[in-house]
1. Name the residue, out of A:89, A:85, A:80, A:116, that is open to solvent by 70 Å² or more (accessible area, probe 1.4 Å), over 22 Å from the mean Cα position of the chain (by Cα) and in the same structural domain as residue A:137 (by TED's automatic domain parsing).
2. Identify the residue in the stretch B:51-84 that is in a helix (DSSP H, G or I) and of a type in the set (Gly, Ala, Ser) and, among all such residues, is farthest from residue B:137 (Cα to Cα).
3. Among the residues of the stretch A:22-37, write down those that are closer than 19 Å to residue B:44 by Cβ and open to solvent by less than 70 Å² (accessible area, probe 1.4 Å).
4. Any chance you could count how many residues in the stretch B:30-39 are open to solvent by less than 10 Å² (accessible area, probe 1.4 Å) and either part of a helix (DSSP H, G or I) or more than 7 Å from chain A (Cβ to nearest Cβ) (or both)?
5. Can you tell which of B:70, B:20, B:44 is at pLDDT 85 or above and either open to solvent by 10 Å² or more (accessible area, probe 1.4 Å) or over 12 Å from the mean Cα position of the chain (by Cα) (or both)?
6. Any residue at all in the stretch A:120-127 that is closer than 29 Å to residue B:73 by Cα, within 14 Å of chain B (Cβ to nearest Cβ) and either among the charged types (D, E, K, R) or open to solvent by 90 Å² or more (accessible area, probe 1.4 Å) (or both)?
7. In the stretch B:110-128, which residues are among the hydroxyl-bearing types (Ser, Thr, Tyr) and either surrounded by fewer than 24 Cβ atoms within 10 Å (Cβ to Cβ) or more than 9 Å from chain A (Cβ to nearest Cβ) (or both)?
8. For residue B:13, are the conditions met, namely being surrounded by fewer than 23 Cβ atoms within 10 Å (Cβ to Cβ) and farther than 30 Å from residue A:126 by Cβ?
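The values are calculated or read from the model by the stated rules, or taken from the named source; none is laboratory data. This one's a predicted model, so the numbers in the text were calculated from it and none came from an experiment. Positions of Cβ are generated from backbone atoms using ideal geometry, with glycine treated the same way; all protein chains shown enter the neighbour counts. Please note that ligands, DNA and RNA were not included when accessible areas were found on the heavy atoms of the full protein model with its side chains. Shrake-Rupley method; radii C 1.70, N 1.55, O 1.52, S 1.80 Å.
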Amino acid sequence: MSLARAGAIMVKDLMSAVLLLGSYSFFLSLVWASQGAVDVAFVEAVVGAGLATVLFLLTLFGTAPKDTRLQRPPPSLITLIIFPLLGVLLLYAAKDLPGFGDPNSPASLHISPTYLEQSYQDTLTPNVVTSVLMDYRSLDTMIETVVIFTAGIACALLLRRQA
Amino acid sequence: MIRPHDSIIVQTLGRFLVPVVQIFGLYVLFFGQYGPGGGFVGGVILGTGMILSVLIFGHSGSRGQIAKKVLHADGVGMLIYAGVGGLCMIGGGEFLNYANLEIPGLETASRRSLGIVLTQIGVAIDVAVTAVSIVFSLSAEEVIEDSINV
């Protein structure tokens, strides 16, 4: 997976970068599925590997062919110093995170047990993810839909040249 | 402007695949309550099916015309979602509290289940139309070049 990711950054040809990015999304969805987050894996596979790849390719076909080769300046000295430091700092902080599936972690103590126990009686929906997303957190999802709607309108206004 | 693809293999496979993709999208949309899936993924799959038909049969094909007509539905998904919320308020509860949907002969739990289905349909329509509209706006630029060249 990191091979595909590094390849997508390193490769000079934009077409192969797009395809490598799609395969990276696919591997990432396999990772989500193996962690038990099937809904997230589904979205990652459909949107990341499918739709985003198609949109990138259409953008590539829309631009001039001479733009498909990348000119990249070498990274500056500050970048080379700051980013490894940031990585070390993040790894140091990740040591204090609770373990995967830890029943005593704050995330699984606060309100998750209520959702897991009550959601079927409340909503007659076996999939807890759906009931949390569409019922308990419905206002969130509505505003997310507004965001997608706005993105579509903005794309249509910016990209469509004909009156 | 996307023209129809020349290859007969692509045409035949597309004619077979597009309905399968659409039906799978509907399945994902309505079985989001029982398995993985839901409004967002279902909408993306529905939109991808339409994008596939546009890519294979071109803008001017009959399926491309259907996809172009679908663009007029922009905002209907939002309207359904917010409308369900408004119906809940009319029923005397909070915004988007599906237990207040005024449908006779239903338990509170099945009302909430119905509310989830309705809002998921709203999300799916919105996402599908947005995906198709982005593809149309990305590929519309070449129309002008063609018209200039002609």
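1. Details: A:89 fails: in the same structural domain as residue A:137 (by TED's automatic domain parsing); A:85 fails: in the same structural domain as residue A:137 (by TED's automatic domain parsing); A:80 fails: in the same structural domain as residue A:137 (by TED's automatic domain parsing).
Every option except A:116 fails the conditions.
2. Going through the stretch B:51-84, the residues in a helix (DSSP H, G or I) turn out to be B:51-57, B:62-73, B:76-84.
If we keep only those that are of a type in the set (Gly, Ala, Ser) too, we end up with B:53, B:62, B:64, B:67, B:73, B:77, B:82-83.
Working: B:53: 16, B:62: 19, B:64: 14, B:67: 13, B:73: 16, B:77: 20, B:82: 26, B:83: 28 Å.
Going through the qualifying residues, I end up with B:83.
3. A:22, A:23, A:24, A:25, A:28, A:29, A:33, A:37, listed by residue number.
4. Residues in the stretch B:30-39 being open to solvent by less than 10 Å² (accessible area, probe 1.4 Å) and either part of a helix (DSSP H, G or I) or more than 7 Å from chain A (Cβ to nearest Cβ) (or both): 1 in total.
5. Testing whether each residue is at pLDDT 85 or above and either open to solvent by 10 Å² or more (accessible area, probe 1.4 Å) or over 12 Å from the mean Cα position of the chain (by Cα) (or both) leaves just B:20.
6. Looking through the stretch A:120-127, none of the residues is closer than 29 Å to residue B:73 by Cα, within 14 Å of chain B (Cβ to nearest Cβ) and either among the charged types (D, E, K, R) or open to solvent by 90 Å² or more (accessible area, probe 1.4 Å) (or both).
7. First, pick out the residues of the stretch B:110-128 that are among the hydroxyl-bearing types (Ser, Thr, Tyr): B:110, B:113, B:119.
Correct list: B:110, B:113.
8. Values: surrounded by fewer than 23 Cβ atoms within 10 Å (Cβ to Cβ): yes; farther than 30 Å from residue A:126 by Cβ: yes.
Considered against the rule, which asks whether it is surrounded by fewer than 23 Cβ atoms within 10 Å (Cβ to Cβ) and farther than 30 Å from residue A:126 by Cβ, residue B:13 comes out as yes.
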